[in-house]
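Notes to accompany the following structure.
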Amino acid sequence: MRLNSIYLNFAGNTEEVFLFYKSIFKREFDSLVRFKDMPMPGVTLSEADRLFAALSAGGVVEMAMADMPWGDYFGSFKDKFGIGWMISLPNKK
């Protein structure tokens with residue numbers, strides 16, 4: 001069995017949770033990428049706002065684009081098709 005593109009979010013204990021799941025599935029992970037390691041190269045702050053507005057139109061905004069405590073400019077929503085999106089830019093300024 002192969003699981004593709006699993007995205008899980010936890011409140012500060014993601015690595016602990018992943019290690020638990022790894023022991024259950026008895027498999028190595030292909031990759032483990034943290035938000036801080038996933039910049040959006042070439043995307044400007046105005047482009048992030050444009051993408052957020054366009055993709056979330058007709059959907060449900062879960063968290064509007066804003067400066068976050070961890071230093072990123074971040075927002076999340078489900079688009080009109082029910083697909084979850086997260087847009088995150090490091091260091092808005």
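Laboratory data are not the source of any read-out in this text; all were calculated from the coordinates shown. Owing to the predicted nature of the structure, the values given are computational and were not obtained by experimental measurement. Every residue, glycine among them, receives a Cβ derived from its backbone with ideal geometry; neighbour counts consider all protein chains shown.
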Mind listing the phi-derived Karplus ³J(HN,Hα) values for the stretch 48-65, rounded to whole Hz, using 6.51, -1.76 and 1.60 with θ = phi - 60°, and x for any glycine or proline? 4, 5, 5, 4, 4, 4, 5, 6, 8, 4, x, x, 10, 7, 8, 8, 5, 4
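Ranked highest first by average number of other Cβ atoms within 10 Å, how do 19-26, 70-77 line up?
70-77, 19-26
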Taking H as built 1.01 Å from N, whose amide H comes closer than 5 Å to the amide H of residue 59, not counting residues under 5 places away? 80
Through the Karplus equation 6.51 cos²θ - 1.76 cosθ + 1.60, θ set to phi - 60°, convert the phi angles of the stretch 24-29 into ³J(HN,Hα) values in whole Hz; use x for Gly and Pro. 6, 7, 6, 9, 8, 7
